[in-house]
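Below is one structure, written out as structure tokens; the observations come after it.
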Amino acid sequence: MMAKPIPASLTIGAPNKAFGQFLAEGVKPQLEKAAVVTRGHIGDQLPVKITILNNQQGRAVALLTLTHPSGIARQLKSGVMTKGAAKAGLEVRRARFRV
């Protein structure tokens, strides 16, 4: 019986806070581009707000928010945000929160 392969994962931490901020600022243009492409795949019927910021760990993140009253229902029913991100070539994973 062969052992299951262990998925490779690498996390690189910044040596100091200033360097981490420098890295986060460097990826923000790419994040914004990916967010705009994702918004384009969602369609014009739903307004999408894009917010680019640094999370609590100092990493740059892009948040896309459906600002239409039916946004939550459409995500639950058809996965409009998930499908839009997948069409843009992004990997969609469930968020894991640490307590």
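Taking segment 76-85 as the range and being closer than 16 Å to Ile50 by Cα and either buried (at least 16 other Cβ atoms within 10 Å of the Cβ) or touching a residue at least 40 places away in the same chain (Cβ under 8 Å) (or both) as the test, the residues that pass are Val80, Met81, Gly84, Ala85.
The number of residues in segment 46-75 being loosely packed, with under 15 Cβ neighbours inside 10 Å, of a type outside the set (Gly, Ala, Ser) and part of a loop (DSSP other than H, G, I, E, B) comes to 8.
Which residue is farthest from Thr82 (Cα to Cα), if the candidates are limited to segment 20-58 and must be basic (Lys, Arg) and either free of Cβ contacts under 8 Å to residues at least 24 places away in the same chain or touching a helix residue (DSSP H, G or I) at 6+ places or on another chain (Cβ under 6 Å) (or both)? The residue in question is Lys33.
Bear in mind that the values in this text are calculations on the coordinates, not laboratory data. Only a predicted model underlies this, so the values are computations on that prediction, with no experimental measurement involved. Neighbour counts run over all protein chains shown; Cβ positions are idealised from the backbone, glycine included.
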